[in-house]
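Read the structure below first, then the notes.
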Amino acid sequence: MGGQDVQRAVTEMVRVLTPYESADWRNRAGTLDWSCWTTAAHVAHDLLAYAGQVAARPDDAYLPFDLKVRDDASAGDLLRIVTASGRLLSTVLAASEPSARAWHWGPTDPSGFAALGVNETLMHTFDITAGLGITWHPPEDLCAAVLSRLFPDVPGDDPVRGLLWSTGRADIPGRPRRTSWISKAAVE
């Protein structure tokens, strides 16, 4: 996975949510304890954090910085912040050699950070759409790529359902619903 995948996920998030900028983003985001607003801010934060990791390449922890979104930011502002953070991650990924490593619960390559960024964007877009009453499912090919990279133990018959199940958002017959998970982004 790479920066183009992150860009596709962010573009899809913005496409599906822009028509609902005037909705009540204080609604709970799906099954999360966060509001839709907080969830979108979280996506921006994670994309920026991943960009920082790939750029600085720390080998033992996350860089000690956070994205602070002002409380008066509108839903439109949030989507622009997500776009900016996604572009920063995409740009850093494009400029990184495949052998680069940075810390995300172990040494993680640029492809791993791309998969993490796509996963965060798609899953939290799913949460926000649920909170706003929008029926939406993430793109199947991006879900398949994330599953392959972060959750290789999940069967790929239905990659959308598989990714939703992997992150505690859906059921798969014969398997208990997940309440916690670890994205296997680190490489040896």
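Please compute the volume of the convex hull spanned by the alpha-carbon atoms of segment 122-163 and report it per residue in Å³. Show your work: numbers first, answer last.
Values: hull volume 2.4 nm³, N = 42.
Each residue corresponds to 58 Å³ of Cα convex hull volume.
I'd like to know how segment 133-188 sits against the 2.2 N^0.38 Å rule of thumb: what's its Cα Rg over that expected value? Please report the intermediate quantities before stating the final value.
Values: Rg = 11.4 Å, N = 56, 2.2 N^0.38 = 10.2 Å.
The value comes to 1.13.
Once the principal axes of the Cα atoms of segment 69-108 are found, what is the range along each, listed largest first in whole angstroms?
40, 22, 10
Heavy atoms only, 1.4 Å probe, whole protein assembly: order Lys184, Lys68 by accessible area, highest first. Walk me through the numbers on the way to the answer.
On the way: Lys184 110, Lys68 145 Å².
The most accessible residue leads, giving Lys68, Lys184.
Would you look at the GNM of the chain, springs on alpha carbons closer than 10 Å, and say which of Gly86, Gly162, Gly174 moves the most?
Fluctuation is largest for Gly174.
Taking only DSSP H segments of four or more residues, each worth -39500 (n - 2.57), what value at 222 nm results for the chain once the sum is divided by all its residues, to the nearest 500 deg cm²/dmol? Provide the component values of the computation, followed by the final result.
Values: 6 runs with 99 residues, N = 188.
That comes out to -17500 deg cm²/dmol.
In Å³ and rounded to a whole number, note down the convex hull volume per residue for the Cα atoms of segment 22-67.
On the way: hull volume 4.2 nm³, N = 46.
Per-residue hull volume (Cα only) is 92 Å³.
What number, in percent, do you get for the relative contact order of segment 58-154 if the mean sequence gap of Cα pairs under 8 Å and at least 6 apart is divided by its residue count?
Details: 55 pairs, mean separation 24.5, N = 97.
The value is 25 percent.
Please list log₁₀ I(q)/I(0) at q = 0.14, 0.15, 0.18, 0.23 Å⁻¹ for segment 78-163, using the Debye equation with identical point scatterers on the alpha-carbon positions.
After summing over all Cα pairs, the log10 values are -0.56, -0.64, -0.89, -1.20.
For a quick check of your reading of the filter: which chymotrypsin sites (Phe, Trp or Tyr not before Pro) in segment 6-72 sit in a DSSP loop and have no more than 13 other Cβ atoms within 10 Å? Please list the in-between numbers first.
Values: sites: Tyr20, Trp25, Trp34, Trp37, Tyr50, Tyr62, Phe65; in loops: Trp25, Trp34, Tyr62, Phe65.
When the chymotrypsin sites (Phe, Trp or Tyr not before Pro) of segment 6-72 are filtered for loop state and at most 13 Cβ neighbours within 10 Å, Phe65 remain.
Got the relative contact order for the chain handy, in percent, Cα pairs under 8 Å and 6 or more residues apart? If you can, show how the numbers build up before the last one.
Values: 304 pairs, mean separation 51.2, N = 188.
Answer for the chain is 27 percent.
Could you size up the charge dipole of the chain around its Cα centre, putting +1 on the beta carbon of Lys and Arg and -1 on that of Asp and Glu, and report it in debye to the nearest 20? Mind showing how you got there, number by number?
Details: 17 positive and 23 negative charges, 27 e Å.
Here the size comes out at about 120 debye.
How large is ³J(HN,Hα), in whole Hz, for each residue of segment 8-23 in order, when computed from phi with the Karplus curve 6.51 cos²θ - 1.76 cosθ + 1.60 and θ = phi - 60°, using x for Gly and Pro?
Along segment 8-23, the couplings run 4, 5, 5, 4, 5, 4, 5, 4, 6, 9, 3, x, 10, 4, 8, 5 Hz.
I need the Debye-formula profile for the chain: one equal scatterer per C-alpha, no solvent, reported as log10 I(q)/I(0) at q = 0.08, 0.09, 0.10 1/Å, two decimals.
Result of the Debye calculation: -0.23, -0.30, -0.37.
The values are calculated or read from the model by the stated rules, or taken from the named source; none is laboratory data. For clarity, every value in this text was computed on a predicted model and none was experimentally measured. Counting neighbours? That spans all protein chains shown, and the Cβs are built from the backbone with ideal geometry, glycine included. Each accessible area value is taken on the protein alone, full model and side chains, heavy atoms only, with ligands, DNA and RNA left out. Shrake-Rupley method; radii C 1.70, N 1.55, O 1.52, S 1.80 Å.
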